[in-house]
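Structure first, commentary second.
Where a number appears in this text, it was derived from the coordinates with a stated rule and is not lab data. All of these numbers come straight from a predicted model, not from anything done at the bench. As a convention, Cβ positions derive from the backbone with ideal geometry for all residues, glycine included, and neighbour counts pool all protein chains shown.
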Amino acid sequence: MPRFSPQFARFRWTPGRTGRDTAPPPDISRAAALDYFNSQIAGAVEGWLGDRMWQVIDMIGEIFDERQIDGHIVEFGVHHGLFLFLLTVLRRNDEKCVAVDVFDQQDLNIDKSGNGSLAIFKSHLDNLIGPYKQYFQIVQRDTLSLDIGELNGLLGGRRAKCVSIDAGHTVHHVFSDLLLAQDVLQAGGIVAVDDFMSVHWPGVTEGFYRFMSTANRRLKPFLYFQNKLFLTTISEHATFVEMLQAKIEERYPDEVRYVRWKPVELAGERCIAFA
Ligand SMILES: C[S@@+](CC[C@H](N)C(=O)[O-])C[C@H]1O[C@@H](n2cnc3c(N)ncnc32)[C@H](O)[C@@H]1O
């Protein structure tokens, strides 16, 4: 979570701006939802997000559609909701967006990563999310106190197609949150880990590598993009990499030619890295 990193500067957030009063119309396409995110939400919600993250979420959305991957969307570590609002473009039908954060219990934010606020998050839901608010579930919790039985209960027994891990940034938090995420993830779903390889949050990288050496690990990384490491389930990993690589080559041929997108080996796994 690099607050003032020049490379990943705050995503066009303007202090004091609250977005427009009118909410998005129901049942809009992903393209329209992304347009709404970029024009109305990105500049109005405080947070830390790469300026091109929406392009990756768009490609992941296409892959989900093509492979018919469904399930809830979960974020551990919400702050004011910026990335979760972007992930909302992946939501379909009755899928939920589950926002897990210590929020107003900041004494449980032991490494001071971000500073969640229930009042601010709820005001964004009211002002920016409108009719889609009904699909949001707020869970004020320390993720270290969640176990898999309780998380399954919160999800109503349905799996998640997307889990964002951005709560506590210590080795213990990241390791524990990855174990929880893999247990609720849909086959072919994705997990995004924020601040991977960040010099200010070394616990994230260490937590990831500790997870990678566990015997029952069922995820592999497939993309490192603007501070986030993306993983998917082992059996679907090769297909995911191939589909994503094809989309990148189609959409960004010049950047592929100039090796901004590069196939790499990360923790021994086939991965795409963007720089
Ligand atoms: C880096 S911020 C999240 C940024 C957010 N994903 C965004 O898009 O802007 C980290 C968040 O994690 C929350 N947090 C810290 N430790 C936590 C824990 N143990 N359990 C749940 N949430 C935690 C903080 O309150 C803060 O809101």
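Report the one residue of Val102, Gly130, Ile69 whose Cα lies farthest in the direction of the positive end of the charge dipole of the range 46-274 (charges on C-beta: Lys and Arg +1, Asp and Glu -1; origin at the Cα centre).
Ile69
I need the calculated FRET efficiency for the pair His172 and Thr239, taking r as the beta carbon distance and R₀ as 41 Å, to the nearest 0.05.
The value I calculate is 0.80.
Using mean Cβ contacts within 10 Å as the protection proxy, how do 202-211, 60-69, 167-176 order, highest first?
The most tightly packed comes first, giving 167-176, 202-211, 60-69.
Which order do Cys162, Cys271, Cys97 fall in if you start with the one that has the fewest other Cβ atoms within 10 Å?
Cys271, Cys97, Cys162
Using Cβ counts within 10 Å as a stand-in for footprinting exposure, how do Glu250, Glu150 rank, fewest first?
Fewest-to-most Cβ neighbours within 10 Å comes out as Glu250, Glu150.
Fewest first, what order do Val45, Val56, Val264 take by the number of other Cβ atoms within 10 Å? Write down the numbers at each step before the final one.
Working: Val45 28, Val56 21, Val264 11.
So the ranking, lowest neighbour count to highest, is Val264, Val56, Val45.
How much length, in nm to one decimal, is gained on full extension between Tyr258 and Ser29, taken as 0.36 nm per residue of separation minus their Cα-Cα distance? Mind dumping the intermediate values first?
On the way: separation 229, 0.36 × 229 = 82.44 nm, distance 3.21 nm.
Computed gain between Tyr258 and Ser29 is 79.2 nm.
Go through the range 177-182 residue by residue and turn each phi into a ³J(HN,Hα) via Karplus (6.51, -1.76, 1.60, θ = phi - 60°); whole Hz please, and just put x for glycine and proline.
Running phi through 6.51 cos²θ - 1.76 cosθ + 1.60 with θ = phi - 60° gives 5, 5, 5, 4, 4, 5 Hz.
Simple spin-label model, 7 Å along Cα-to-Cβ: Asp107 to Glu150 in nm?
1.7 nm
Quick one: Cα centre-to-centre distance for the range 193-221 and the range 229-267, in angstrom?
One Cα centre to the other: 19 Å.
Classify the range 180-275 as rounded, prolate or oblate, taking a ≥ b ≥ c as the square roots of the eigenvalues of its Cα gyration tensor: rounded when a/c is under 1.5, otherwise prolate if a/b is larger than b/c and oblate if not.
oblate
Restricting to bridges with both residues inside the chain, how much of the DSSP beta-bridge set is antiparallel, in percent to the nearest 5?
Values: 17 of 38 bridges.
Within the chain, antiparallel bridges account for around 45 percent of the total.
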